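Worksheet: one structure, shown below.
The values are calculated or read from the model by the stated rules, or taken from the named source; none is laboratory data. No experiment lies behind these values; they were computed from the predicted model shown. Methodologically, a virtual Cβ is constructed for each residue, glycine included, from the backbone with ideal geometry; neighbour enumeration extends over all protein chains shown.
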Amino acid sequence: MTSPFRQRDGELHVESVAATRIAEQFGTPTYVYSRAYFENRYRRLLDAFGDRPPAIRYAVKANSNLAVLDLFARLGSGFDIVSGGELERVLQAGGDPARIVFSGVGKTGEELDFALKLPIECFNVESEAEFDRLIEHAGRLGRTAPISIRVNPDIDANTHPYISTGLKENKFGVPVGLALRLYRRAHVTPELEITGIDCHIGSQIADLKPLMDALETLLSMVDTLAAEAIEIRHIDLGGGLGVRYRNEPDFDVEAYAAAIRKRLADRPLQLMLEPGRFLVANGGILLTRVEYLKPASAPEQRNFAIVDAAMNDLIRPTLYQAWHDVERVADASDATETRWDLVGPICESGDFLCRDRPLRLAAGDLLCVRSAGAYGFAQSSNYNSRNRAAEVLVDGDASYLIRRRETPRDQLALESVLPADPAATRSLPKDAGGR
């Protein structure tokens with residue numbers, strides 16, 4: 001689809017709404033999302049598979065705003081969750097528990113109980129210890145837990161090491177041999193019901209080969225289990241489909257769908273996918289304003305443009321060395337192009353949104369940070385006691401505040417000071433607080 005973020009009459013628009021209008025109404029920094037983009041990406045993935053559509057389980061961790069979850073639920077999506085908090089969010093957004101798969105390596109007993117009582121569609125089991133705990137909790141509650149074993153196939157997805165999840169040195173899933181043993185145990189355990197098999201080898205994957213290699217591993221296991229009369233009903237290939245941040249090719253989802261359809265043509269397995277970034281990354285931007293310009297005073301120094309967004313708002317550049325395109329919303333000033341580091345107010349040298357970018361900037365300029373729809377707000381924090389940004393969803397010519405900007409009062413609401421104890425305070429030395 002055509003990008004929903006386009007220049008019109010010298011000014012960036014989000015669908016039909018001027019970005020300057022959004023900034024004036026809601027302030028900065030603010031995340032802005034396009035409903036049309038999210039819906040079109042979802043339909044593109046679904047349509048690529050033709051008459052054999054996958055069961056899409058949106059990966060909540062990418063962008064967990066209630067309005068975004070509600071939007072995908074209306075489209076018919078289920079959800080991939082990794083915590084009890086994400087489960088609560090999906091329920092609040094109107095998600096169907098029967099379309100929720102629960103992934104994650106550290107599910108607590110309370111989280112298992114919460115999900116078992118609903119009940120959810122499937123637990124993606126990631127260790128033998130979790131397997132045993134799930135049996136215990138299902139038995140105590142008198143429930144049968146539907147399970148899929150997450151297989152770690154030791155396949156290199158050729159992505160950033162922090163988002164690689166399918167190698168043997170990664171914490172996710174279990175090796176093939178152990179997975180087969182767990183399936184055999186589950187087959188004779190009344191507290192468990194085998195529903196599927198699962199694999200997710202990483203994020204921001206650029207080519208088909210590692211994904212198809214993972215599929216071959218799972219299909220071999222399905223055949224091994226079938227020979228022992230252990231039925232697998234669905235095969236979950238996870239997500240990880242790459243998107244364009246800079247000059248990468250957009251993932252060829254049509255070729256991916258064709259390859260999977262061909263390989264599954266003679267099998268009655270339901271295909272399940274867990275896309276996150278693919279659906280939302282390029283459907284969001286971060287609006288931020290230049291507060292100060294701090295030009296270099298010597299050739300060996302850097303030029304700093306200090307903006308009102310920071311690493312607490314968007315940590316990807318620092319955490320993953322990620323690239324996000326940056327542009328001025330309105331190209332009005334006659335400033336000379338200079339190479340700038342865009343930095344925030346946080347007291348860390350790692351607080352930057354980009355480095356050494358050629359930009360024409362003036363104090364007060366409104367900037368757009370692209371590709372911020374995934375792992376932007378979701379990874380934000382209150383570091384330096386900064387209020388988290390607002391979130392806005394644009395639908396055509398309308399813009400909706402879907403999360404108001406935090407206030408100091410919001411941050412302090414969950415905290416308290418110690419009760420007064422005058423006698424103890426008087427006994428403290430002066431340099432320890434006894435003033």
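Side notes on the structure shown:
- Taking residues in region 115-126 that are among the aromatic types (F, W, Y), and partners anywhere that are at pLDDT 95 or above and part of a loop (DSSP other than H, G, I, E, B), the pairs with Cβ atoms closer than 9 Å and at least 6 places apart or on different chains are F123/S103; F123/K107.
- Residues of region 302-323 that turn out to be in contact with a Gly (Cβ under 6 Å, 6 or more places away or on another chain), free of Cβ contacts under 8 Å to residues at least 60 places away in the same chain and not β-branched (V, I, T), as a count: 0
- Of the residues making up region 111-128, just one is polar (S, T, N, Q) and surrounded by 20 or more Cβ atoms within 10 Å (Cβ to Cβ), namely N124.
- Residue within region 323-332 that is assigned to a strand (DSSP E or B) and in contact with a helix residue (DSSP H, G or I) (Cβ under 9 Å, 6 or more places away or on another chain) present: yes
- Complete set of residues in region 92-110 that are outside any helix (DSSP H, G or I) and either under 21 Å from D395 (Cβ atoms) or touching a Pro at 6+ places or on another chain (Cβ under 7 Å) (or both): A93, G94, G95
- A145 falls short of the stated requirement of being at pLDDT 95 or above and within 20 Å of E274 (Cα to Cα).
- Test: A305 is closer than 25 Å to Q7 by Cα, at pLDDT below 95, more than 22 Å from the chain's Cα centre (by Cα) and assigned by TED's automatic domain parsing to the domain that holds N387: no
- Of all residues in region 15-35 being in contact with a helix residue (DSSP H, G or I) (Cβ under 7 Å, 6 or more places away or on another chain) and of a type in the set (V, I, T), the one that is farthest from N312 (Cα to Cα): V32
- A single member of L319, L287 is of a type in the set (A, V, I, L, M, F, W, C) and closer than 26 Å to D80 by Cα, and it is L319.
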